[in-house]
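Working notes for the structure below.
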Amino acid sequence: MLSVAGIEKSFGGVRALSGASLECAPAEIVGLIGPNGAGKSTLVNVVTGFLKPDAGSISLGGQSIAGLGPQRISHAGIARTFQNLRVFRELSVRQNIEVAYVRCRQLRPQKAATVDVNGLLRDFGLTELADAPAGSLPYGTQRWMEIARALAAAPDILMLDEPAAGLNDEETDRLGQAIVGIRDRTKAGIIVIDHDLRFINNICSRLFVLDQGSLIASGEPGTVWADPKVIEVYVGPGATPSGDMSGTRH
Ligand SMILES: Nc1ncnc2c1ncn2[C@@H]1O[C@H](COP(=O)(O)OP(=O)(O)O)[C@@H](O)[C@H]1O
Ligand SMILES: [Mg+2]
């Protein structure tokens with residue numbers, strides 16, 4: 001179980017997070033949503049140790065992990081992808097995945113035994129592309145590779161920051177099925193950030209809504225979408241949400 005509560009984070013005068021919270025149980029898929037600038041990526045960066053929180057608690061399986069660096073948090077069992085891709089462009093697809101796998105074997109050997117690099121390549125349609133330099137692949141394929149690489153770390157919690165960005169409807173549906181399949185196979189808890197609300201509503205059993213750095217609603221999608229605070233943030237008072245929403249704040 002990942003429990004994140006009361007996170008505060010400022011960049012100079014910018015208060016990116018003020019009371020952000022999030023929870024994810026094993027084998028649960030949760031959505032982290034909110035308009036552009038709400039603090040979603042900052043929250044992922046704080047949870048994964050790329051940024052240190054100014055205040056708040058983060059625990060995984062009952063152990064506090066707040067303030068640890070990215071390596072230690074990855075050893076603790078949280079893996080992620082980035083809103084802006086971070087792939088080793090000159091390395092092959094297989095090498096990109098193996099880098100994560102080798103680290104996992106060193107640091108989480110029991111967990112690493114559950115990882116099958118060839119199986120990951122196959123599951124993500126990358127077998128034929130395994131020897132191609134990652135930087136030569138189309139953007140959508142690099143996104144798939146990034147998820148496969150995160151899974152090579154055998155995470156207990158997987159955080160995906162806008163995995164469907166730039167994908168067409170068919171690719172997005174395939175991604176949704178893949179995420180559900182990953183959850184079924186690995187029993188990892190998966191946290192998905194995205195603006196495509198059809199995608200989010202299809203796969204998530206629980207939503208957390210951030211606005212201006214604070215959690216404004218959480219719960220089952222039906223409850224969250226009926227919440228006037230959420231409707232107001234997304235489409236203004238009195239309206240009904242539908243389709244792709246980057247939010248009304250920007
Ligand atoms: N490294 C940074 N330095 C300064 N401000 C930042 C930095 N990262 C994010 N911010 C600011 O924090 C707020 C939240 O950003 P972000 O977490 O990227 O939002 P989201 O992912 O929800 O779109 C924004 O106002 C953004 O400009
Ligand atoms: Mg973001």
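A full extension of the chain between N202 and Y139 corresponds to an added length of 20.3 nm, given 0.36 nm per residue minus the alpha carbon distance. Rounded to the nearest 20, the Cβ-based charge dipole of the chain about its Cα centre (Lys and Arg +1, Asp and Glu -1) stands at 840 debye.
Taking one quarter of the surface of the C-alpha convex hull of region 25-142 gives a mean projected area of 8.7 nm². If both residues of a DSSP beta bridge must be in the chain, then about 60% of such bridges are antiparallel. Rounded to 0.05, the FRET efficiency of the L85 and E23 pair, given R0 = 41 Å and the Cβ-Cβ distance, is 0.90.
Quick one: longest stretch of the chain between exposed loop trypsin sites (Lys or Arg not before Pro), exposed meaning at most 16 other C-beta atoms within 10 Å and loop per DSSP?
On the way: sites that count: R86, R89, K187, R249.
Longest site-free region, per DSSP loop and neighbour criteria: 90-186.
Taking 7 Å steps out from each Cα toward its Cβ at R15 and M1 produces label points 2.9 nm apart. Counting 0.36 nm for each residue step from A55 to N118 and taking away their Cα separation leaves a gain of 18.6 nm. Between R174 and V102, the simple spin-label model (points 7 angstrom out along Cα→Cβ) gives 3.0 nm.
Listed by chain and number, the lysines whose C-alpha is less than 17 Å from the C-alpha of K52, apart from same-chain residues fewer than 8 away, are K9, K40.
Measuring spread by the Cα atoms of the chain yields a radius of gyration and Dmax of 17.6, 54 Å. Taking the charge dipole of region 1-154 about its Cα centre, with +1 at Lys and Arg Cβ atoms and -1 at Asp and Glu Cβ atoms, the residue from L43, A132, W144 reaching farthest to the positive side is L43.
Taken together, the values in this text are just the output of simple stated rules run on the coordinates, not laboratory data. Given the structure is predicted, the values throughout are model-derived calculations rather than measurements. Backbone-built Cβ (ideal geometry, glycine too); neighbour counts: all protein chains shown.
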